Amino acid sequence: MSRTRTALLAAMALVAGATGTALAAVPGDVGAAAVPCTVDYKVQNQWATGFTASVTVTNHGAAKSSWAVKWSYAGNQKITSGWNAKLTQSGTAVTAANESYNGTLATGGSTSFGFQGTYSGTNAVPATFTLDGVTCNVDSGGPTDPPDPTDPPPQGARVDNPYVGAKVYVNPEWSANAAAEPGGSRIANQPTGVWMDRTAAINGANGKMGLRAHLDEALRQKGSGELVFQVVIYNLPGRDCAALASNGELGPTEIDKYKTQYIDPIAAILSDPKYASLRIVTTVEIDSLPNLVTNVSPRATATPNCDVMKANGNYVKGVGYALNKLGDVPNVYNYVDAGHHGWLGWDDNFGASAEVFKQAATAEGATVADVHGFIANTANYSALKEDHFSVDQTVAGKSVRESKWVSWNRYVDELSYAKALREKLVSLGFDSKIGMLIDTSRNGWGGTARPTGPGATTSVDTYVDGGRYDRRFNTGNWCNQKGAGLGERPKAAPEPGIDAYVWMKPPGESDGSSKAIDNDEGKGFDRMCDPTYTGNPRNDNNMSGALPDAPVSGHWFSAQFQELMRNAYPPLS
């Protein structure tokens, strides 16, 4: 930025402070092309306790199909009503997102909205505005000529797919556990997620690395290239309401504690300029939003805890708050947990869950622009691709959907589910460029029992059961599954619409204890982790299929790790 332009902007800012206007750009300035966006905020009318304001935003970057403008007040201003934008406020932070009719914002295009608010004392104009996470009214310092599209993006800039052209962080603690196992060195260099599963994990608990320690190590691993750091945000109040193995430390009503003691500290660390060159991928709150559809009254699978969480709204509020705060960090990519095909693939679950995802993505100041994508099969076992049967086949006079295994589901594997869900979410207003992640850490189902072709056509059940890779008793089984194997190795952009295959769940870390074990992590005992358990309505009353002698969730489970390596597909060399 030239010294002349800096001085002129400063002078205009002084004038703006006196008139109640935030002036956005210098008309005719040759350097204006380097400003990614401009925001003109004007106080139109003001009286003792209230005011009206208009905001015009101009986009100087790539054309947009949706947008969100954010700012924070220095005083106690509160927005009470608005027009031409969806306005939400959390404390001093305000988000204005497009309505359905004005989401398009062309390069050089402008849009305006307005609102009425209250205040006391002073009504200062906000100092900083962002458009989709990019700071407006500030010269980026770049060239005025359009950038060469073949040039790599600058470090720290948000890209379409964070995994492309980047290494992914290898957690040294998990790597050490893997390498200590016989044969484990074959996969000890694979990247896995870092789990923030309680508040103490932020600073490090029981001798383990905290978030800053991991990020510092990520910078070391990064070197001069690009690196993705994967972190799991997992500490909602009333967490995991339909199970017990991963219950959390926060009670159902402790939403304020979740915000101020958990999300805010994480956001503060991730926003440290020291880590601005990392591509930080967050997996936001697994085992939460789908429960508000499948495990609430009047369904047979309902649990009292899930009814409580639906009634108090704290899952939706918590996810929305996390998306809002973490989405404000320019190098953070939020991916929301989207269950798996064996949970949400049925007609009465699929669309309803997508609607809940949209509700959470527009709660507590969040907008769909805060969501970079979704992740399927996190910490689960559903096969990536079933090759030997499909839902459109008929065997022995019956549709494959009628088989006991498929049970009228629309999807038989995670790849088909993830692609279909992505299309559904885009139709509901999420950006057309959202990407999906699929956790393949434990869905390989290899080994000697892996089928090489379809089953016998005697009946639809023999056909499906003889050909399916997934060898669980039921797709509702989720705890330390016997016979499971490592799946596809982490890979960027493996399929259209799929940003990456990831190992978000570190293989070898338990899903839950096989029997009650005292612990200081708030984790209970769930019978689905008991190998003698005969089931419940959520798994159609099948045996649990769990391995014996498992520790509490998140703790190292050597027997499971060995099982996963034995049954890996593709096989380990």
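So the values come out like this:
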| quantity | calculated |
| --- | --- |
| Selection status of Phe374, under 27 Å from Pro490 (Cβ atoms), of a type in the set (A, V, I, L, M, F, W, C) and in contact (Cβ under 8 Å) with a residue 12 or more places away in the chain | yes |
| Subset of the range 178-197 [modelled with pLDDT of 95 or more, more than 21 Å from Tyr501 (Cα to Cα) and open to solvent by less than 50 Å² (accessible area, probe 1.4 Å)] | Glu181, Gly183 |
| Failed condition for Asp307, given (1) within 30 Å of Val406 (Cα to Cα); (2) in a helix (DSSP H, G or I); (3) open to solvent by less than 10 Å² (accessible area, probe 1.4 Å) | (3) |
| Flag if Asp392 is in a loop (DSSP other than H, G, I, E, B) and under 30 Å from Glu563 (Cα atoms) | no |
| Residue within the range 475-482 that is polar (S, T, N, Q), out of contact with any strand residue (DSSP E or B) (no Cβ under 9 Å at 6 or more places or on another chain) and open to solvent by 20 Å² or more (accessible area, probe 1.4 Å) present | no |
| Pairs where the first residue, in the range 206-226, is closer than 22 Å to Asn519 by Cα and among the acidic types (Asp, Glu) and the second is open to solvent by less than 30 Å² (accessible area, probe 1.4 Å) and not in a helix (DSSP H, G or I), C-beta under 7 Å, 6+ apart | none |
| Pair list, Cβ under 7 Å, 6 or more apart: the range 510-536 residue more than 26 Å from Thr199 (Cβ to Cβ) and modelled with pLDDT of 95 or more, other residue not hydrophobic (A, V, I, L, M, F, W, C) and not in a loop (DSSP other than H, G, I, E, B) | Tyr533/Arg527 |
| Neighbours by Cβ (under 9 Å, 6+ apart or cross-chain): first from the range 44-56, without any contact (Cβ under 8 Å) to a residue 12 or more places away in the chain and part of a strand (DSSP E or B); second open to solvent by less than 90 Å² (accessible area, probe 1.4 Å) and among the β-branched types (Val, Ile, Thr) | Asn45/Thr52 |
| The one condition in (1) part of a loop (DSSP other than H, G, I, E, B); (2) touching a residue at least 40 places away in the same chain (Cβ under 8 Å); (3) more than 30 Å from His372 (Cα to Cα); (4) aliphatic (A, V, I, L, M) that Leu384 fails to fulfil | (3) |
| So Tyr258, is it in a helix (DSSP H, G or I), of a type outside the set (Lys, Arg), surrounded by 22 or more Cβ atoms within 10 Å (Cβ to Cβ) and touching a helix residue (DSSP H, G or I) at 6+ places or on another chain (Cβ under 7 Å) | yes |
| Where Ala546 falls short, out of the listed (1) at pLDDT below 95; (2) in contact with a Ser or Thr (Cβ under 8 Å, 6 or more places away or on another chain) | (1) |
| Answer from Asp461, Asp470, Asp499, Asp465 - the residue that is in a strand (DSSP E or B), of a type in the set (D, E, K, R) and modelled with pLDDT of 95 or more | Asp499 |
| Failed criterion for Val391 (all others in (1) buried (at least 24 other Cβ atoms within 10 Å of the Cβ); (2) free of Cβ contacts under 8 Å to residues at least 60 places away in the same chain hold) | (1) |
| Those residues of the range 94-122 which are part of a loop (DSSP other than H, G, I, E, B) and touching a Phe, Trp or Tyr at 6+ places or on another chain (Cβ under 6 Å), in sequence order | Asn98 |
| Residue match in the range 430-439 (condition: without any contact (Cβ under 8 Å) to a residue 24 or more places away in the chain and within 27 Å of Glu355 (Cα to Cα)) | no |
| Selection status of Gly345, open to solvent by less than 10 Å² (accessible area, probe 1.4 Å) and on the phi > 0 side of the Ramachandran plot | no |
| Given (1) without any contact (Cβ under 8 Å) to a residue 60 or more places away in the chain; (2) open to solvent by 10 Å² or more (accessible area, probe 1.4 Å); (3) of a type in the set (S, T, N, Q), index of the condition Thr362 fails | (1) |
| Some residue of the range 544-562 being touching a Lys or Arg at 6+ places or on another chain (Cβ under 9 Å) and either aromatic (Phe, Trp, Tyr) or not in a loop (DSSP other than H, G, I, E, B) (or both) | yes |
| Criterion (open to solvent by 20 Å² or more (accessible area, probe 1.4 Å), in contact with a Gly (Cβ under 9 Å, 6 or more places away or on another chain), in a strand (DSSP E or B) and on the phi < 0 side of the Ramachandran plot) met by exactly one of Ala456, Ala449, Ala492 | Ala492 |
| Enumeration of residues in the range 155-208 that are assigned to a loop (DSSP other than H, G, I, E, B) and among the basic types (Lys, Arg) | Arg158, Arg198, Lys208 |
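The values are calculated or read from the model by the stated rules, or taken from the named source; none is laboratory data. For clarity, every value in this text was computed on a predicted model and none was experimentally measured. Cβ: placed from backbone, ideal geometry, glycine included. Neighbour counts: every protein chain shown. Note: areas computed on protein heavy atoms with side chains; ligands, DNA, RNA excluded. Shrake-Rupley method; radii C 1.70, N 1.55, O 1.52, S 1.80 Å.
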